[in-house]
1. If you average the sequence gap of Cα pairs under 8 Å that are 6 or more apart and divide by the length of the chain, what percent do you get for the contact order?
2. Go through region 71-108 and name the trypsin sites (Lys or Arg not before Pro) that are in a DSSP coil and have 13 or fewer other Cβ atoms within 10 Å of their Cβ.
3. Net charge near Glu177: determine it from the other residues with C-beta under 10 Å of the C-beta of Glu177, scoring Lys and Arg +1 and Asp and Glu -1.
4. Over 28 Å between C-alpha atoms is what I'm after, so list which of Lys43/Lys162; Lys38/Lys70; Lys43/Lys147; Lys70/Lys140 land there.
5. Between the DSSP loop rule and a limit of at most 15 other Cβ atoms within 10 Å, which GluC sites (Glu not before Pro) in region 71-128 are left?
6. Over all directions, the average projected area of the alpha-carbon convex hull for region 9-142 comes to how many nm²?
7. Specify the longest stretch of the chain that does not include any exposed loop site, a site being one of the chymotrypsin sites (Phe, Trp or Tyr not before Pro) with a non-H, G, I, E, B DSSP assignment and at most 15 other Cβ atoms within 10 Å.
8. Give me the net charge for the shell around Pro129: Cβ to Cβ below 12 angstrom, other residues only, Lys and Arg +1, Asp and Glu -1.
Amino acid sequence: MYGPNHHGWIEVVVGPMYSGKSEELIRRLKRAQIAKQKIQVFKPAIDNRYSVDEVVSYNGDKILGECISKAEEILELLKEDTEVVGIDEIQFLDDEVVHIARSLADRGLRVIVAGLDMDFRGEPFGPTPNILAIADFVDKLTAVCMKCGSPANRTQRLINGKPAKYNEPTILVGATESYEARCRLHHEVR
Ligand code: ADP
Ligand code: MG
């Protein structure tokens, strides 16, 4: 479908948990499919919350995808006729994903990535800041703060119902862990 003068680009969708990143990624990919474009969707194997072979939104939307453990696998799995590449949970992939996204866009593909811009501490998360820097289009989504209803751009990590400490390990045996969308004022890190 693409002619010799066609160029690609990178779209990035970021925000806290529950801001609708996956929902938005799925919406864009489904629209491309309706327009008869060939799409491929990837997500890091670490995110198996709902399904191993689907990208899923909390609102129930889903689209078939492929699990990868390294960004490099995108190039190995890429089909010759793919025109649009979607990647969810970009923050869990290695830095190579930034170069891969750039080379796909240079080759004429539309690349749509979604992921967390900040971790539960409010710090830049993994490769996301670097892909934001080289993106052509950026959308920063907000959720609704669970404390006050303001636009929420942070993810609150709770351990047994209490705000997590800055250095709390990612995996805590025997603890109940949960996450909430929070605004700047109500985001707490002990
Ligand atoms: P993300 O990929 O950004 O984590 P999803 O696309 O999976 O987000 O989910 C977005 C959905 O999350 C919303 O459509 C809504 O149904 C649900 N949701 C749950 N809690 C909240 C909240 N506090 N603010 C906004 N949406 C929420
Ligand atoms: Mg998501």
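1. 27
2. Working: sites: Lys79, Arg102, Arg107; in loops: Lys79, Arg107.
Qualifying residues, ordered by number: Lys79, Arg107.
3. Values: positive: Arg157; negative: Glu168.
Surrounding charge for Glu177 is 0.
4. On the way: Lys43/Lys162 30 Å; Lys38/Lys70 22 Å; Lys43/Lys147 31 Å; Lys70/Lys140 25 Å.
Going by Cα-Cα distance, Lys43/Lys162; Lys43/Lys147 fall outside the 28 Å limit.
5. Values: sites: Glu72, Glu73, Glu76, Glu80, Glu83, Glu89, Glu96; in loops: Glu72, Glu80, Glu83, Glu89.
Hits after loop and neighbour filter: Glu72, Glu80.
6. Details: hull surface 29.1 nm².
Mean orientational projected area (region 9-142, Cα hull): 7.3 nm².
7. Values: sites that count: Tyr2, Tyr50, Tyr58, Tyr166.
In short, 59-165.
8. Working: positive: none; negative: Asp95, Asp117, Asp119, Glu123.
Neighbourhood net charge equals -4.
Read-outs: derived from the displayed coordinates by stated rules, not from any lab. Being a predicted model, the structure only gives us computed values, none of them experimental. No Cβ is skipped: glycine too gets one built from the backbone with ideal geometry, and neighbour counts run over all protein chains shown.
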